[in-house]
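The values are calculated or read from the model by the stated rules, or taken from the named source; none is laboratory data. Keep in mind that what you see is a predicted model, and the values were worked out from it rather than measured. Neighbour counts are summed over all protein chains in view; Cβ atoms, including those assigned to glycine, are modelled from backbone coordinates with ideal geometry. Calculation scope for accessible area: heavy atoms of the full protein, side chains included, ligands and nucleic acids excluded. Shrake-Rupley method; radii C 1.70, N 1.55, O 1.52, S 1.80 Å.
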Amino acid sequence: MSSNSDTQTDADRVHIFDTTLRDGEQSPGISLNAGEKVEIAQQLAKLGVDVIEAGFPIASPGDFEAVQKIAREVEGPTICGLARAQKGDIESAWNAIRESERPRIHTFISTSDIHIQHQMRNTRDDVKAGARAAVAHARSYCDDVEFSPMDATRADVEFTAEVCAIAVEEGATVVNIPDTVGYTTPAEYARYFEDLYRHAPSLHGVELSVHCHDDLGLAVANSYAGVLAGARQVECAINGIGERAGNCSLEEIAMLIKVRHDAHGLSTGINTRELARASRLVSRLTGYVVQPNKAVVGRNAFAHESGIHQDGVLKERATFEIMDATEVGLDSNQLVLGKHSGRHALRDALEQLGFSVDGAALNQAFKRFKQIADKKKQVTALDLEAIVSDEMRERAQSHELAGFDVEAGTDREPLARVRVRMPDGREQSGKASGDGPVDSIFGAIQAATGVEAELREYHVAAVTGGDDALGEVTVILRDADRSASGQGVATDILEASARAYVRALSNLVDGAGIRRSESGSPESAEMAGP
Ligand code: KIV
Ligand code: ZN
């Protein structure tokens, strides 16, 4: 039902441009450090995306460093850096991506009158000159240059076509048509592409791209309409994260293209079996929980509740299912280890999950596995993935939780004592009382480390179902102008909370948190104009 034909040609191939680490990372409250961004980028490469938009290098030194690290370390996809139509931005983007095997500069400038008059406060002529100079400058560094007329769908199509034709003349290889505020509709967006091709025939010589926001819940539908109208690149993000209501969801558009191959004859290079893992990783690192009924990757996306549906699926899957959980990697929970499983079984299971762990890392993972297996009846693939990710993160942290205990009862204020291993290897302890055990632990960690920060967010989620599920905690901390997140996994929520807090604090102290300022956001950064 969802297989692609063997007669696929290049013209039928839709390129997937992932912007989880750029537009997605602009979602409120998300602050990934460079190591976490590389971890996501490696998973995106495994997933088979064609392009990774790794960040907006001019926005902050942290953004620059993360993009550069991805360009150096991640093999396979094109690595793209975003730049306003300004010299400094383009230079910064180029310096960040230049070591990639396949670098791309993505430069943008608005073509809508509303942005030109009120945001940039200049004229259409300035926009044409800015686009020309930006693309020419980017092409002087890089053979692959993408141009976006921002807010295109609210702009005069003839003027946008004129600006796009200038970009093509200056050597743009991809022209992206953003629905920046999620305003268009599928029919209107398709017509917009037809009009663009009519007014600027040179667009037939480059790849057109769609970039749709989800403000009216139409991001996937609009992207699909753009593809049917001739675009061959879709800009999207894992779990649909992004500015405001988010971007087109990568997993949804990838499965739409795969499952409905019969309707359009198109395909992508996505290894769909990696979708669920990518979704979990992004959710875990950003703290953005995936709703249970989310299409394709939600916990209930393949669950049948009604008796009629269950009966039908038992008789013949196709009665109520249009895709299989295995196709998107949601079946990995079937892999189970028990309390008596040994080191070899653990290593084999981890290998099946795509982790190659040996030596000290395997010993440490085995130690954690045994601790968890003592408390849980069965350790599933999802548990293993959570433990290994947790251990990998532990090794990258400057501060480490060395131990804690909490005295609590109904008739007394809880008292927490913690020990934290500091960056120089010394252990420091602290104690504190608070409103509850978690609050006391957080206070004790502050006392031990001497670092004070405001707790912005605290989430608890269960890794799997059942009353013995592993708990996964996400903490977001903030100091004067920086925010940083940390995650922790354990069977005990207090331990998971303590781990998550120490990690967030580590990220904050190490300066890994991303500075948030108005000019850090591309949508507002363009105010200065080209
Ligand atoms: O939504 C938008 O217009 C963007 C551009 C920078 C492409 O994100
Ligand atoms: Zn966007």
Please find, among T123, T107, T111, the residue that is surrounded by 24 or more Cβ atoms within 10 Å (Cβ to Cβ) and farther than 18 Å from T19 by Cα. T111
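Do you know which residues across region 480-491 are of a type outside the set (S, T, N, Q) and either open to solvent by less than 40 Å² (accessible area, probe 1.4 Å) or at pLDDT 90 or above (or both)?
Residues of region 480-491 of a type outside the set (S, T, N, Q): 480-482, 484, 486, 488-490.
Those that are of a type outside the set (S, T, N, Q) and either open to solvent by less than 40 Å² (accessible area, probe 1.4 Å) or at pLDDT 90 or above (or both): A484, G486, G488, V489, A490.
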Quick one: which of R273, R284, R280 is in a helix (DSSP H, G or I) and in contact with a strand residue (DSSP E or B) (Cβ under 7 Å, 6 or more places away or on another chain)? R284
If you scan region 15-51, which residues turn out to be more than 28 Å from R478 (Cα to Cα) and within 15 Å of ligand 1 (Cβ to nearest atom)? F17, V51
Of all residues being under 20 Å from I253 (Cβ atoms) and outside any helix (DSSP H, G or I) in region 305-332, which is most open to solvent (accessible area, probe 1.4 Å)? Just the residue, please. I322
If we keep just the residues of region 226-273 that are over 18 Å from E207 (Cα atoms), buried (at least 19 other Cβ atoms within 10 Å of the Cβ) and among the small types (G, A, S), which is farthest from ligand 1 (Cβ to nearest atom)? A254
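Here's the yes/no breakdown for (1) of a type outside the set (K, R); (2) modelled with pLDDT under 90; (3) surrounded by 17 or more Cβ atoms within 10 Å (Cβ to Cβ):
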| site | (1), (2), (3) |
| --- | --- |
| R421 | no, no, yes |
| D424 | yes, no, no |
| S429 | yes, no, no |
| H459 | yes, yes, no |
| G465 | yes, yes, no |
| R478 | no, yes, yes |
| Y501 | yes, no, yes |
Please specify each residue of region 471-505 satisfying the condition of being under 23 Å from the mean Cα position of the chain (by Cα) and assigned to a loop (DSSP other than H, G, I, E, B). D481
State whether the residues of region 440-452 include one that is surrounded by 18 or more Cβ atoms within 10 Å (Cβ to Cβ) and closer than 21 Å to I372 by Cβ. yes
Can you give me the number of residues within region 26-41 that are of a type in the set (A, V, I, L, M, F, W, C), under 12 Å from T286 (Cβ atoms) and assigned to a helix (DSSP H, G or I)? 1
